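Worksheet: one structure, shown below.
No value in this document is a laboratory result; all are computed from the given coordinates. Keep in mind it's a predicted model, so treat the numbers as computed, not measured. Note that each Cβ is placed from the backbone with ideal geometry, even for glycine, and that neighbours are counted across all protein chains shown.
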Amino acid sequence: MQALPAAEIDEKVFALQEAITPQIDCQQCGNCCKTLMIQVTAAEASSVAAHLQQDPHQFMDAYLEKGIGEQMIMQSMPCTFLQNRSCSIYEHRFAGCKEFPALHLPGFTSRFFTFAMHYGRCPIVFNTIEALKIECDFFIKDVPNTH
Ligand code: SF4
Ligand code: SF4
């Protein structure tokens, strides 16, 4: 086993997530929409409010609460907009929703703590990490059998 440079790991992660993502049906999962507190900016709130033909302040009162600093978060979990396993505002969903699980962005190694958090939540993250372990030859030869 040998540690790889972070940029090399990123390249492997990009390739793996590109191959793995199309094999996962997010509509059969929805775990991110069910279990994460999605961050929302004021501009995003106004945009979704306009799409729903709601007053932005009423929208914020109804759906959002204050997060860290200036950030706001959805106040309900599962997300209010998750309906019948689909996002009811899909075309207008928030940047954090579009980005998740963010395996296509650089910095896998430095952001690993977030992927560790999502390992048991997101099948894309789980399978990418498992495939990465094989790619990096990071398995020990004799895996203990506890059965
Ligand atoms: S948790 Fe991952 S696999 Fe599940 S819906 Fe979200 S992005 Fe898709
Ligand atoms: S806005 Fe849509 S994509 Fe984002 S968490 Fe809610 S249901 Fe999921």
Task: Listed pairs LYS12/LYS34; LYS66/LYS133; LYS34/LYS141; LYS66/LYS98 exceeding 32 Å between Cα atoms - done: LYS66/LYS133; LYS34/LYS141
Task: Over the chain: helical MRE at 222 nm, DSSP H runs n ≥ 4 each giving -39500 (n - 2.57), nearest 500 - done: -12000 deg cm²/dmol
- [ ] With a cut-off of 14 Å, note down the residues of the stretch 19-52 whose backbone N falls inside the zone around a label point 7 Å from the Cα of SER86 toward its beta carbon.
- [x] 26-28
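Normalise the Cα radius of gyration of the chain by 2.2 N^0.38 Å (N = residues in it) and let me know the number.
Relative to the 2.2 N^0.38 Å estimate, the chain comes out at 1.25.
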Open item on the list: With a 10 Å cut-off between alpha carbons and a GNM built on the chain, which of VAL48, VAL40, VAL13 moves the most?
Closed with: VAL48
Open item on the list: If I build a Gaussian network model for the chain, linking alpha-carbon pairs within less than 10 angstrom, which residue out of SER110, SER47, SER88 has the largest mean-square fluctuation?
Closed with: SER110
Task: Enclosed volume per residue, in Å³, of the convex hull spanned by Cα atoms of the stretch 37-99 - done: 82
- [ ] Would you tally the net charge around ILE73, using a Cβ to Cβ cut-off of less than 13 Å, leaving ILE73 out, and scoring K and R as +1, D and E as -1?
- [x] -2
Open item on the list: Running a GNM on the chain with Cα contacts under 10 Å, which residue among THR109, THR21, THR128 ends up with the highest mean-square fluctuation?
Closed with: THR109
